[in-house]
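Quick notes on the structure that follows.
The values are calculated or read from the model by the stated rules, or taken from the named source; none is laboratory data. Being a predicted model, the structure only gives us computed values, none of them experimental. Reconstructed Cβ throughout: ideal geometry from the backbone, glycine too, with neighbour counts over all protein chains shown.
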Amino acid sequence: MTLVIVIVIVAVVLLASGGLVVSTRARHRGRALPESGASQVGSTKAPPAPLEPPPAPPRPSAAVLSTTKEPPASIAPSEPGPLAPEEPLVRPALRDRLGRARGLLAGYLEGVRGRKGIDEATFEQLEEALILADVGITTTTRILDDLRAKVHTGSVAASDPAALLQALQSDLVSMFEGDVETLSYGDGDGPTVWLFVGVNGVGKTTTIGKLALQEGREGRSVVLAAGDTFRAAAGEQLESWAERAGARIVRGSDGADPSSVIFDAVQHAASRGADLVLADTAGRLHTKVNLMDELRKVRRVAERPPGQLTEVLLVLDATTGQNGVVQARQFTQAVGVTGIVLTKLDGTAKGGVVLAIRSELGLPIKLVGVGEGPADLVPFDPVEFVGALFG
Amino acid sequence: MFDTLTDRFDAILTRLRGRGRLGDAEVSEVLREIRVALLEADVNLGVAQDLIERIRLRCTGAELAKYLTPAQQVIKVVNEELTATLGGEALKITYASKPPTVVLLAGLQGSGKTTASAKLAQWFRQQGRHPYLIGADLQRPAAVEQLRVLGAEIGVGVFSEPTDPVSVARSGLAESERLGRDVVIVDTAGRLAIDRELMDEVRRVSAAVHPDYTFFVVDAMTGQDAVQTAEAFHHTLQLDGIILTKVDGDARGGAALSVKQVVGRPIAFLSTGERIADFEIFHPDRLASRILGMGDVLSLIEKAEREYDEGVAGQAMDRLISGRFTLDDFLDQLRQIKKMGPLTGLLSMMPGIPKEMRDAKVDERDVGKVEAIICSMTPVERADPSVLDGSRRLRVAHGSGTSTTEVNNLLRQFKEMQKMMRGVGPMAKLAGAGRPSNKAKSAKGNRKKVKGGRVTPSTKGLGPPR
């Protein structure tokens, strides 16, 4: 037991020494960072970060710089070219893919449709359906209160459950109204930069791989920045996508500062006149203060000219429950998320949490991942998405 | 994880505390709130409803004990039902009589199978086994590479070849027998439960290696879908247990409750962080207590035993009580604790720690600063901080790269603690009662409870001290 006491005491001293606790500057992950002092090129190349407190402007590490200088070592030499014929890039209709997972809610909604009129039990059934789709109790309650009001005022006839479903469906679709669902490109000279963030295992690297292929197909030259220097073999994973997409890739050594990798990628893209940099980052739980600080720095570096940071995309796994709202909030606070990529929507999960995110934070959903193939990343379509919820 | 659920229950149950009797209306109200709390925590709708019904029956039924207050009764019932839902006891691994013991991991994409495989291998090694890893995820680019890197990090061999998952598994098993390994862990590709082809493939992998344990790896942040997916995997593979990953986030862990309930297999392990050592066997009873705000003393003690030098701690305790606790001792303790992992994680496991303290972000850099400050002092100063006058303090601040304010803060805090300990030292030995009145003292009050042997949850004095 003694040690419990001792821990508490140490904790108390630490916590109570007020001034010490306030500062929460970037802690880095367990691995040691390569020393950046050695790189004199870096210091001339990198302007001091405007938002950074005076010391330590993020500089590319020596290791990273040396690899960028030798293109064959780290940059896939293949130029964007036509894809192999066995990889036709036909985008699937969202409905077809989502159709695989019908059934769960269909029963509920059939139940509602089959009722004679609208009563409290109808609303209970709808509530259950929405909760099972991960819409969350708060948003569900809000949506149903609106519906109740409609029935109350007579704009939906109390005897017509089908009309109620119709109203619900259009309410949900209208939640996405006014969204810009397309990805935006910079209009200046430098390369456009899209930054991908999210918790572990949501599919950031895969999303980037698919997108690299699609953007390459549309004639843009793409550079991938392997900013996940933490997870074992994340760089290799991205590299195999780069090969497949015929995109260039800039990698750092394992454990290197992700900002420096992204900085190098942008520089590289600018010098080659590339159009687009897709910047990967390591998955991180939004509760890890130090890692979120690291991400803030990544963003600051990514938006430096000549790069034009136009999108910060939060990748979200469709199986995520209500924690998705917390994730969206935290990542938005930290790095100003501009849109959501909802992945793995081809499973049984409905991804209803985006409705909660939409209603609480107003973030647009930009892309939807519906399969393993490179074409299986499609623009978000509210009508199809909501239609699939009602599957 | 589970903290927000804890807070919710806390709030609900606090309101019950002042009440004399609970009528049906009050019980209904409380149950409604518990339902919302459960659903917000992603507990599956069906599971939540069952749980609520069981609690309702017991709260309104004849079962209520006379000697407990209504609040205590509800807490007791909720605690028992949560524990029951989470499963009674921790999983005990029984090793195959004819080695190797084969463990198969399966789950959705991105649930953390590869990382969990490596962590599990490390865990088996700590149990004195000789694990071997088979990388049968040939789907995701560089998945095998990831496993190899992790395997190299923990010194466990990894087998894979670019053929097909079934033959990789089969040859890997043969190879492990040749090498005389006694535990084999098979990592498989992530797959959707509705992907018939891939589900069939994993079934064939399973048939090829005859696993002794098949674990379903599931992300703690999963929503309502967890149940469906788990059922599908259970149907295909006959699961033996669940590995819950990414538990170090702030998801409320409803998936854990639901999957356990629906599949009827225990949650075997929790993956609690990014380090390979952040992996522990799951104790349902302790978790339920944690959900109810009672801390997880047992896990803490186990963690401590693994990494803490008991002799040093005991010595420190003696000095502490006798009032001879110097900054040097403090430094020793600090370093010991640092070995055990982030302080924030440790705090969350303690019972009765006030919320603001549990939530406080202790920056590891601050720990470093405190270390630096103490290290910048002379032995004389460390033994007797009162000799530190203005000029010495300035020197220490310069030496440690901090400011005099920070040095002053540390010294003041240290002095307070010394004073406090001198006051309660003798009492602490007798596990006497003390009135908690501030942060520091409530921590102290908590210690007494621990001393008094309050390790398993009893019905008296549940919940955090107010």
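Quick rundown of the values:
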read-out: Tally of residues being among the aliphatic types (A, V, I, L, M) and crowded, with 23+ Cβ neighbours inside 10 Å across the range B:159-192; value: 6
read-out: Output for the range A:320-340, where each listed residue is in contact (Cβ under 8 Å) with a residue 24 or more places away in the chain, over 20 Å from A:Leu172 (Cβ atoms) and more than 13 Å from chain B (Cβ to nearest Cβ); value: A:Thr332, A:Ala334, A:Val335, A:Gly336, A:Val337, A:Thr338
read-out: Unmet requirement for B:Ala65, which otherwise passes all of (1) of a type in the set (A, V, I, L, M); (2) modelled with pLDDT under 80; (3) assigned to a helix (DSSP H, G or I); value: (3)
read-out: Filter result for B:Ile75 (part of a helix (DSSP H, G or I) and either under 30 Å from A:Ala129 (Cβ atoms) or modelled with pLDDT under 65 (or both)); value: no
read-out: When residues of the range B:236-250 are limited to those that are crowded, with 20+ Cβ neighbours inside 10 Å, within 13 Å of chain A (Cβ to nearest Cβ) and in a loop (DSSP other than H, G, I, E, B), the one modelled with the lowest pLDDT; value: B:Gly249
read-out: Conditions (1) farther than 19 Å from A:Thr205 by Cα; (2) within 14 Å of another protein chain (Cβ to nearest Cβ); number of the one not met by A:Gly369; value: (1)
read-out: Selection within the range A:209-235 - over 18 Å from the mean Cα position of the chain (by Cα), in a loop (DSSP other than H, G, I, E, B) and among the charged types (D, E, K, R); value: A:Glu218, A:Arg220
read-out: In the range A:249-295, the residues that are within 14 Å of chain B (Cβ to nearest Cβ), among the charged types (D, E, K, R) and in a loop (DSSP other than H, G, I, E, B); value: A:Asp254, A:Asp280, A:Arg284, A:Lys288
read-out: Residue under evaluation A:Leu238, criteria (1) farther than 24 Å from B:Ala116 by Cα; (2) among the hydrophobic types (A, V, I, L, M, F, W, C); (3) part of a helix (DSSP H, G or I), criterion not met; value: (1)
read-out: Members of the range B:178-235 that are within 14 Å of chain A (Cβ to nearest Cβ), among the acidic types (Asp, Glu) and not in a loop (DSSP other than H, G, I, E, B); value: B:Asp187, B:Glu197, B:Glu201, B:Asp219, B:Asp225, B:Glu231
read-out: Tally of residues being over 13 Å from B:Leu327 (Cα atoms) and touching a residue at least 24 places away in the same chain (Cβ under 8 Å) across the range B:400-415; value: 4
read-out: Of residues in the range A:314-360 being among the small types (Gly, Ala, Ser) and under 12 Å from the mean Cα position of the chain (by Cα), the one surrounded by the fewest Cβ atoms within 10 Å (Cβ to Cβ); value: A:Gly336
read-out: Residue within the range B:90-103 that is away from every other protein chain (no Cβ under 12 Å) and modelled with pLDDT under 80 present; value: yes
read-out: Check on A:Phe176, surrounded by 16 or more Cβ atoms within 10 Å (Cβ to Cβ) and in contact with a Pro (Cβ under 6 Å, 6 or more places away or on another chain); value: yes
read-out: Identity of the residue in the range A:310-348, in a loop (DSSP other than H, G, I, E, B) and not β-branched (Val, Ile, Thr), that ends up farthest from B:Thr222 (Cα to Cα); value: A:Gly336
read-out: Top-ranked residue of the range A:264-295 - restricted to ones that are touching an Asp or Glu at 6+ places or on another chain (Cβ under 7 Å) and of a type in the set (A, V, I, L, M), ranked as farthest from A:Glu236 (Cα to Cα); value: A:Leu285
read-out: Flag for A:Ile118 being out of contact with any Asp or Glu (no Cβ under 7 Å at 6 or more places or on another chain), touching a residue at least 24 places away in the same chain (Cβ under 8 Å) and away from chain B (no Cβ under 14 Å); value: yes
read-out: Failed item, numbered, when A:Leu224 is tested on (1) in contact (Cβ under 8 Å) with a residue 60 or more places away in the chain; (2) of a type in the set (A, V, I, L, M); (3) within 14 Å of another protein chain (Cβ to nearest Cβ); value: (1)
read-out: Yes/no for A:Thr206 being under 26 Å from B:Lys246 (Cα atoms), within 14 Å of chain B (Cβ to nearest Cβ) and assigned to a helix (DSSP H, G or I); value: yes
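Conditions (1) outside any loop (DSSP other than H, G, I, E, B); (2) within 20 Å of B:His210 (Cβ to Cβ); (3) in contact with a His (Cβ under 8 Å, 6 or more places away or on another chain), marked per residue:
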site: B:Ala116; (1), (2), (3): yes, no, no
site: B:Leu120; (1), (2), (3): yes, yes, no
site: B:Ile134; (1), (2), (3): yes, yes, no
site: B:Pro141; (1), (2), (3): no, no, no
site: B:Leu150; (1), (2), (3): yes, no, no
site: B:Arg170; (1), (2), (3): yes, yes, no
site: B:Leu173; (1), (2), (3): yes, yes, no
